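Everything on this sheet refers to the single structure shown next.
The values are calculated or read from the model by the stated rules, or taken from the named source; none is laboratory data. Source: prediction; values computed, not measured. Neighbour counts run over all protein chains shown; Cβ positions are idealised from the backbone, glycine included. The accessibility values were calculated without ligands, DNA or RNA, using every heavy atom of the protein model including side chains. Shrake-Rupley method; radii C 1.70, N 1.55, O 1.52, S 1.80 Å.
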Amino acid sequence: MSDLRKVPGPVPATPVTLPGWQVDFVHWPYPSVIAHRGAGRLAPENTLAALRLGAAYGHTMFEFDVKLTGDGKPILMHDASLERTTNGRGLAGAATLSEIAQLDAGAWCGPAWAGEPVPIYANVVAWLLANRMLANVEIKPSPGRESETGAVVAMASAMAWHGCEIPPLLSSFSPEALAAAQRVTPALPRALLLHRWPSDWLAQLRRLECVAIDVNHEILDRERIQQARGEGFRVLTYTPNDPARVEQLREWGVDCVITDAVDLIKP
């Protein structure tokens, strides 16, 4: 097996041609529930410990955030700064991988998790593939690094999942990051994340050639779900944690919920 810890090389100027995946409205291979950041609030988010706990609850697909270190290496982390989820200080995008590797990403969640490291993306991919798990990779760029992050994460993902039947679903709140992913690896499926419902949502989805829209559940209703599906896009939603709300969203036609309540809302 090739060393998955190797850092991707320079981002190509032209798209990389790989055996195509077909993921669209008809060919939709993902489960109806995705575990948010691994195991929601039951474990330190965006860590291998969280993924393992989510898997122990029966989940087979995981959402997690990927950003770049200061020296361009993909790691799992949500925030731009290190303080909330590690014992570090400063910006994640300004620290080198060797500096990130020294941090504790578990103690903030409780002493049982102390010593859990910030994961390198390639190591997470290795775990996912070894355990036949699926991924929703949220591209989470540091400010000003949208295109760089989108391209690097997409390339790393395409190469890692090369030859696999089901590719990762890439998503982002950043149209620039998704456009970069679209440019270098057009075969990877993409979803646009929305916290609010903009008037040009449909134009954005079409321009980025997305297969899905991923929307804050608080702004979703039956009409919007049916409208998006009627235009040929699958609908994901984050992060409903009440089983009754999840059931309502499913009745309205939502294809997938991304939830923190991994112990209550099962695949």
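Scale the Cα Rg of the stretch 93-147 by the rule-of-thumb value 2.2 N^0.38 Å and send over the ratio, two decimals. Don't skip to the answer; put the middle values down first.
Working: Rg = 13.7 Å, N = 55, 2.2 N^0.38 = 10.1 Å.
The reported ratio for this selection is 1.36.
State the percentage of accessible surface on the chain attributable to carbon and sulfur atoms; use a 1.4 Å probe and exclude ligands, DNA and RNA.
On the way: 6040 of 11550 Å².
It is 52 percent, rounded to a whole number.
For the stretch 207-267, which GluC sites (Glu not before Pro) pass both filters: DSSP loop (anything but H, G, I, E, B) and at most 14 other C-beta atoms within 10 Å?
Listed in order of number, the matching sites are Glu209, Glu231.
Using a 1.4 Å probe and counting only protein heavy atoms, arrange Phe173, Phe64, Phe25 so the residue with the most accessible area comes first.
Sorted descending by solvent-accessible area, the residues read Phe173, Phe25, Phe64.
Tell me which GluC sites (Glu not before Pro) from the stretch 122-208 have a DSSP coil assignment and no more than 14 other beta carbons within 10 Å of their own. Kindly include the intermediate steps, with their values, before the conclusion.
Working: sites: Glu138, Glu146, Glu148, Glu165, Glu176; in loops: Glu165.
Sparse-neighbourhood loop GluC sites (Glu not before Pro): Glu165.
So what is the relative contact order of the stretch 194-264, in percent, for Cα pairs below 8 Å that sit 6 or more residues apart?
Values: 88 pairs, mean separation 20.2, N = 71.
About 28 percent, as a whole number.
Would you kindly derive the ³J(HN,Hα) couplings of the stretch 230-247 from the backbone phi angles with the Karplus curve 6.51 cos²θ - 1.76 cosθ + 1.60 (θ = phi - 60°), listing them in order in whole Hz, with x for Gly and Pro?
x, 8, x, 10, 5, 10, 10, 8, 10, 10, x, 10, 9, x, 5, 5, 4, 4
Roughly how compact is the stretch 105-222, stated as its Cα Rg over 2.2 N^0.38 Å to two decimals?
Relative to the rule-of-thumb radius for its length, the stretch 105-222 sits at 1.18.
Whole number in Å², please: accessible area per residue of the chain, 1.4 Å probe, ligands, DNA and RNA not counted.
Numbers: 11550 Å² over 267 residues.
Ligands and nucleic acids excluded, the result is 43 Å² per residue.
For His217, what accessible surface area do you get with a 1.4 Å probe? Give it in Å², rounded to 10.
The value for His217 is about 30 Å².
Mind listing the long-range amide H neighbours of Leu194? Cut-off is under 5 Å, sequence gap 5 or more, other chains count too, H placed in the peptide plane at 1.01 Å from N.
When sequence neighbours closer than 5 places are left aside, the close amide H contacts are Asp214, Val215, Asn216.
Could you tell me the relative contact order of the chain? Use alpha-carbon pairs under 8 Å, at least six residues apart, and round to a whole percent.
21
Please give me, ordered by residue number, the trypsin sites (Lys or Arg not before Pro) of the stretch 114-198 that lie in loop per DSSP and have at most 15 other Cβ atoms within 10 Å.
Numbers: sites: Arg132, Arg145, Arg183, Arg190, Arg196; in loops: Arg132, Arg145, Arg196.
Filter output for the stretch 114-198: Arg132, Arg196.
With every protein chain left in place, what is the accessible area of Ser98 in Å² (1.4 Å probe, nearest 10)?
Its heavy atoms expose roughly 80 Å² to the probe.
Rounded to the nearest 20 Debye, what is the dipole magnitude of the stretch 227-267 about its Cα centre when Lys and Arg each give +1 and Asp and Glu each give -1 at the C-beta?
For this selection, approximately 120 debye.
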